[in-house]
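A.B. asks: The structure under discussion is supplied below as structure tokens; questions concerning it will follow.
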Amino acid sequence: MKKIKVGVLGATGSVGQRFVQLLDGHPWFELESLFASERSAGKKYREVSKWFLPSEMPAEAAEMVVQSLNDVDASENEDIAIMFSALPGSVASEVEKRCAQAGYCVASNVSVHRMVPDVPLVIPEINADHLALIEVQKEKRGWGGFIITNPNCSTIVMALSLKPLMRYGIKEVRVSTMQAVSGAGYAGVPSMAILDNVIPFIESEEEKMESEPLKILGTMEEGSGIKNAAFNVCASCHRVPVMDGHTEAIWVKFEEGVTEEEAKKAFKEFTTDIKTPFAPSKPIILREEQDRPQPRLDRDAGRGMSVSVGRIRAGRMENEVKYIAQGHNTVRGAAGASILNAEVLMERKYV
Ligand SMILES: NC(=O)c1ccc[n+]([C@@H]2O[C@H](COP(=O)([O-])OP(=O)(O)OC[C@H]3O[C@@H](n4cnc5c(N)ncnc54)[C@H](OP(=O)(O)O)[C@@H]3O)[C@@H](O)[C@H]2O)c1
């Protein structure tokens, strides 16, 4: 298969660097261009990206010259088919639309377009059928390209774990998160604020966790878009001194009684027909040990693309099961999720 060319918007940030790392050697995609702010434009990537381990920096990307966002639709970039976006929301809104207008497929990590009715918000193992919104979007907007999004990093972990439980009829979900510092971006949380500490506030995070899963777990209705899943999510989000990997304590209330064994069975039996290069063979891994999952032990499962669940037990409320879910926030929760979406787009001939 001939590789298609891709670019990364916000390539010097926490998620942008993950994109560059994960795209290195990708069998279908070839990294063509890197974009960041005016602070970085015109400089070599190795000079402006604070890579976690310098030895992990792909040699070709290291020597690429970072471009300004003003150049996204310049003629030298016209061979690019997919723009992966890891920009701050304030910048992304206008730039992503401009890219879609210019004919690119924009695979975005950013929250600004996620809840827009004609923009697919996709976790392929759950709702690849929502990609049908692309046609609606293109027709409505008259764009040559389109925007597709993946969820917030905490939402992905929780939504994946909820999918197998949907068969029992979910009535209500409560979640308390323990989120890694890399989720706040490279400049993110100052070390003096997070070391020896827990910060019980992450701006807009609870709102995202309470809305995005309902769209993702909703149903695609012919002609009228997505009908949201019919339960409420109540979230409390916290930043903890962990480098990578979000951990979530989740309480699920069902319409009727569900046993611990039934919940475990649902997790174990969950399979997917998504078989592209980044798709993990097991999107959900059940950890049977009593003290798992843990970020250090489990975040890299399935090359960072699997979500681990464990400590499944009956809750104290009526018809309630509680458990812990864990996933890599910048891989499954961000760059890896976008790449997986792009692979599915290619496989289904949207690109
Ligand atoms: N971190 C996560 O786990 C995670 C997970 C899911 C989604 N997201 C979302 O992904 C996006 C990026 O997050 P991040 O954590 O990677 O942030 P980050 O580390 O702060 O990186 C931001 C990137 O955007 C560029 N940028 C900043 N201001 C700009 C401007 N005015 N014009 C052009 N480029 C600009 C930066 O370039 P310079 O280096 O040149 O400043 C950098 O490349 C955000 O929307 C975030 O909400 C993050």
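The values are calculated or read from the model by the stated rules, or taken from the named source; none is laboratory data. Bear in mind that the values here come from a model prediction, so they are computed numbers and not experimental data. Positions of Cβ are backbone-derived with ideal geometry, glycine not excepted, and every protein chain shown enters the neighbour counts.
A.B. asks: Looking at the range 38-65, which of its residues are of a type in the set (A, V, I, L, M) and either surrounded by 15 or more Cβ atoms within 10 Å (Cβ to Cβ) or within 15 Å of the ligand (Cβ to nearest atom) (or both)? Full working, then the answer.
C.D. replies: Our first condition is that a residue be of a type in the set (A, V, I, L, M); within the range 38-65, this holds for 41, 48, 53, 57, 59, 61-62, 64-65.
Across the range 38-65, the qualifying residues are Ala41, Val48, Met57, Ala61, Ala62, Met64, Val65.
A.B. asks: From the list Ser111, Ser75, Ser68, pick out the single residue that is of a type in the set (Ser, Thr, Tyr), out of contact with any helix residue (DSSP H, G or I) (no Cβ under 7 Å at 6 or more places or on another chain) and within 16 Å of the ligand (Cβ to nearest atom).
C.D. replies: Step by step, each of Ser111, Ser75, Ser68 is checked, and only Ser68 is of a type in the set (Ser, Thr, Tyr), out of contact with any helix residue (DSSP H, G or I) (no Cβ under 7 Å at 6 or more places or on another chain) and within 16 Å of the ligand (Cβ to nearest atom).
A.B. asks: Residues to consider are Ser306, Ser281; find the one that is without any contact (Cβ under 8 Å) to a residue 24 or more places away in the chain, within 18 Å of the chain's Cα centre (by Cα) and assigned by TED's automatic domain parsing to the domain that holds Ala184.
C.D. replies: After applying the criteria, what remains is Ser281.
A.B. asks: Here's another thing I want to ask about it. Determine whether Ile156 is over 23 Å from Gly7 (Cα atoms) and within 16 Å of the ligand (Cβ to nearest atom).
C.D. replies: Here the answer is yes, as Ile156 does meet what is asked.
A.B. asks: With (1) surrounded by fewer than 19 Cβ atoms within 10 Å (Cβ to Cβ); (2) touching a residue at least 12 places away in the same chain (Cβ under 8 Å) as the list, and Lys349 as the residue in question, which single condition is left unmet?
C.D. replies: Checking Lys349 against (1) surrounded by fewer than 19 Cβ atoms within 10 Å (Cβ to Cβ); (2) touching a residue at least 12 places away in the same chain (Cβ under 8 Å), the one that fails is (2).
A.B. asks: Could you figure out which of (1) in contact (Cβ under 8 Å) with a residue 24 or more places away in the chain; (2) buried (at least 16 other Cβ atoms within 10 Å of the Cβ); (3) in the same structural domain as Ala36 (by TED's automatic domain parsing) isn't true of Ala159?
C.D. replies: Here Ala159 meets the rest and fails (3).
A.B. asks: Yes or no: the range 93-103 includes at least one residue that is under 26 Å from Pro151 (Cα atoms), away from the ligand (no atom under 15 Å from the Cβ) and either β-branched (Val, Ile, Thr) or touching a residue at least 60 places away in the same chain (Cβ under 8 Å) (or both).
C.D. replies: no
A.B. asks: Next question. Looking only at helices (runs of 4 or more DSSP H) that lie completely in the range 1-119, which have at least 2 residues being under 24 Å from Met243 (Cβ atoms) and hydrophobic (A, V, I, L, M, F, W, C)?
C.D. replies: Details: elements: 14-23, 45-48, 59-62, 89-101.
Counting at least 2 such residues, we get 14-23, 59-62.
A.B. asks: Tell me which residues, restricted to the range 120-130, are farther than 18 Å from Met209 by Cβ and part of a loop (DSSP other than H, G, I, E, B).
C.D. replies: Pro120
A.B. asks: Kindly check whether there is at least one residue in the range 291-301 that is under 19 Å from the mean Cα position of the chain (by Cα), within 16 Å of the ligand (Cβ to nearest atom) and assigned to a helix (DSSP H, G or I).
C.D. replies: Yes, because at least one residue in the range 291-301 is under 19 Å from the mean Cα position of the chain (by Cα), within 16 Å of the ligand (Cβ to nearest atom) and assigned to a helix (DSSP H, G or I).
A.B. asks: Anything in the range 175-196 that is part of a loop (DSSP other than H, G, I, E, B) and of a type in the set (Val, Ile, Thr)? List them, or say none.
C.D. replies: Across the range 175-196, the qualifying residue is only Val189.
A.B. asks: Find the strands (runs of 3 or more DSSP E) located wholly in the range 201-271 whose residues include 1 or more that are aromatic (Phe, Trp, Tyr) and either in contact (Cβ under 8 Å) with a residue 60 or more places away in the chain or surrounded by fewer than 21 Cβ atoms within 10 Å (Cβ to Cβ) (or both), and list them.
C.D. replies: 246-254
A.B. asks: So which residues in the range 9-21 are more than 8 Å from the ligand (Cβ to nearest atom), more than 15 Å from the chain's Cα centre (by Cα) and buried (at least 24 other Cβ atoms within 10 Å of the Cβ)?
C.D. replies: Val20
A.B. asks: Scan Thr247, Thr271, Thr259 and give me the residue that is of a type in the set (Ser, Thr, Tyr) and touching a helix residue (DSSP H, G or I) at 6+ places or on another chain (Cβ under 7 Å).
C.D. replies: None of the others qualify; the one that does is Thr247.
A.B. asks: Sticking with this structure for a sec: Quick one: count up the residues across the range 22-37 that are surrounded by fewer than 19 Cβ atoms within 10 Å (Cβ to Cβ) and within 15 Å of the ligand (Cβ to nearest atom).
C.D. replies: Matching residues across the range 22-37 total 1.
A.B. asks: Right, next: Within the range 81-91, is there a residue that is farther than 27 Å from Glu203 by Cβ and either in contact with a strand residue (DSSP E or B) (Cβ under 6 Å, 6 or more places away or on another chain) or more than 15 Å from the ligand (Cβ to nearest atom) (or both)?
C.D. replies: First, pick out the residues of the range 81-91 that are farther than 27 Å from Glu203 by Cβ: 81-82.
Keeping just the survivors that are either in contact with a strand residue (DSSP E or B) (Cβ under 6 Å, 6 or more places away or on another chain) or more than 15 Å from the ligand (Cβ to nearest atom) (or both) gives 81-82.
Checked against the condition, which is being farther than 27 Å from Glu203 by Cβ and either in contact with a strand residue (DSSP E or B) (Cβ under 6 Å, 6 or more places away or on another chain) or more than 15 Å from the ligand (Cβ to nearest atom) (or both), the range 81-91 yields at least one hit.
A.B. asks: Mind checking which residues of the range 151-174 are farther than 27 Å from Ala335 by Cβ and part of a strand (DSSP E or B)?
C.D. replies: The answer is Ile170, Lys171, Glu172, Arg174.
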